[in-house]
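For reference, the structure is listed below as structure tokens.
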């Protein structure tokens with residue numbers, strides 16, 4: 001057995017030597033230069049005694065060079081020793097680098113393996129919101145290499161969702177349905193089916209099929225709304241998961257600037273007053289354990305886009321959610337709306353949106369904000385004027401904030417209130433690549449100092 005191991009070791013060494021001598025390894029040139037340096041050093045030393053290559057050459061002109069004056073002899077010796085020593089030192093240093101790169105190449109292979117693992121490893125992304133804005137965001141993200149969790153607000157009490165909530169005592173299914181449809185593989189077919197709204201029928205008029213299906217599943221499972229979502233998710237083969245922020249019957253309340261208290265999301269949307277503060281009832285409503293777990297392990301958390309108060313802040317007010325966000329290592333992104341919303345954010349800038357969030361959850365740290373950049377056409381301006389909204393501008397004080405601003409043209413021809421899904425995908429695709437590269441370099445440093453050195457060395461070689 002020892003003989004076999006020694007033979008295997010000899011073969012490996014032989015293969016490594018052959019590898020060194022392959023073209024492009026920059027190994028042979030430094031061996032040659034080292035040899036030249038050694039020859040010059042030996043010749044310089046021999047010249048002291050009148051021997052060596054140079055002295056043999058000079059003997060053709062002077063029969064006995066050993067009787068030359070020391071000054072003449074030193075003029076031969078010193079350059080030979082100096083040039084030989086410099087060449088030997090440089091070649092020795094470069095050979096050492098080559099040997100490290102080749103002998104320790106397993107470390108670089110490990111580094112490259114880490115890079116490729118990180119490059120294709122799905123990022124854990126949590127998208128908080130509600131309404132059409134969240135569904136549109138999910139639609140843009142589902143084709144990226146991500147593990148998506150949609151956390152949906154449950155305070156909706158209008159339309160079909162509100163009626164089912166009142167009649168059957170279930171959580172509002174509308175926003176949940178929109179998110180499931182957005183993450184489904186067969187989105188167009190599923191959307192047409194689940195979003196089909198009944199135009200007539202006693203008790204059916206105004207409802208859509210998706211909401212009724214959610215209500216039926218919940219009733220079959222004795223009121224287990226979470227299980228109904230899981231079954232419909234499996235049926236639609238969605239990419240990721242959709243979770244309600246809470247299973248409690250949460251009601252939205254708002255104190256207006258004129259002192260009035262408005263209860264209920266639909267009443268708040270219809271009210272023409274200005275919102276001062278928002279709260280939930282009950283205030284001690286409980287978030288889902290799976291929501292907290294998803295937030296804590298997230299690599300990226302996206303808030304918005306959506307109605308500032310009724311879709312976004314309402315999620316952040318649930319106890320434990322902001323604390324979980326601060327415990328996680330995730331970067332937090334806030335996607336600001338393109339247009340102001342009548343009754344909620346009239347005349348708001350992006351800075352005002354941030355301040356409204358901070359007013360309600362002052363301990364939440366937001367790393368980056370996405371803002372639309374670009375002007376409206378004449379037709380779009382006219383539409384905004386008719387609908388009493390305008391572009392959300394950054395605001396003069398935003399530049400002084402400790403937050404990175406990402407600007408892009410998010411206008412979507414089909415709906416000015418929604419962001420262009422393709423642009424969202426491009427922006428977050430670039431952000432994910434950036435985070436993966438940063439994670440790669442951090443991991444390389446943790447895995448091996450040698451790998452870090454190898455990476456820098458190869459970068460220098462490529463530049464040359």
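Any read-out appearing in this document is the output of simple, stated calculations on the displayed coordinates, not a laboratory observation. Being a predicted model, the structure only gives us computed values, none of them experimental. As a convention, Cβ positions derive from the backbone with ideal geometry for all residues, glycine included, and neighbour counts pool all protein chains shown.
Pop the C-beta distance of residue 385 and residue 224 into the FRET formula with R0 = 51 Å and round what comes out to the nearest 0.05.
In this case the efficiency is close to 0.60.
How high is the relative contact order of the stretch 353-419, given as a whole-number percent (alpha carbon pairs under 8 Å, six or more residues apart)?
Reported relative contact order: 44 percent.
Using the 10 angstrom Cβ neighbour count as an exposure proxy, how do 401, 379 rank, fewest first?
The order, fewest Cβ neighbours first, is 379, 401.
Suppose R0 equals 41 Å; then what is the FRET efficiency for residue 216 and residue 401 from their Cβ-Cβ distance, rounded to the nearest 0.05?
0.30
If I stretch the segment between residue 96 and residue 434 completely, what's the gain in nm (0.36 nm per residue apart, minus their alpha carbon distance), one decimal?
Net length gain for the segment: 118.3 nm.
Within a 10 angstrom radius of the beta carbon, how do 90, 148, 403 rank from fewest other beta carbons to most?
90, 403, 148
Using a basic spin-label model with each label point 7 Å from the Cα along Cα→Cβ, how many nm lie between residue 284 and residue 28?
Roughly 8.1 nm, to one decimal.
Where does each of 353, 365, 207 land when they are ranked from fewest to most other beta-carbon atoms within 10 angstrom?
365, 207, 353
Between residue 74 and residue 168, what is the label-point separation in nm under the 7 Å Cα-to-beta-carbon projection?
The answer from the label model is 10.5 nm.
What's the FRET efficiency of residue 426 with residue 82 using the Cβ-Cβ distance as r and R₀ = 51 Å, to the nearest 0.05?
Approximately 0.30, to the nearest 0.05.
Please tell me the relative contact order of the stretch 155-239 in percent, rounded to the nearest whole number, where contacts are Cα pairs under 8 Å and at least six residues apart.
Over the stretch 155-239, the number comes to 31 percent.
Please state the shape class of the stretch 155-239: rounded when a/c is under 1.5, otherwise prolate if a/b exceeds b/c and oblate if not, all from the C-alpha gyration tensor.
It is oblate, given that a/c is not under 1.5 and a/b is not larger than b/c.
Run the simple label-point estimate for residue 189 and residue 377 please: 7 Å along Cα→C-beta, distance reported in nm.
So the two model labels end up 3.4 nm from each other.
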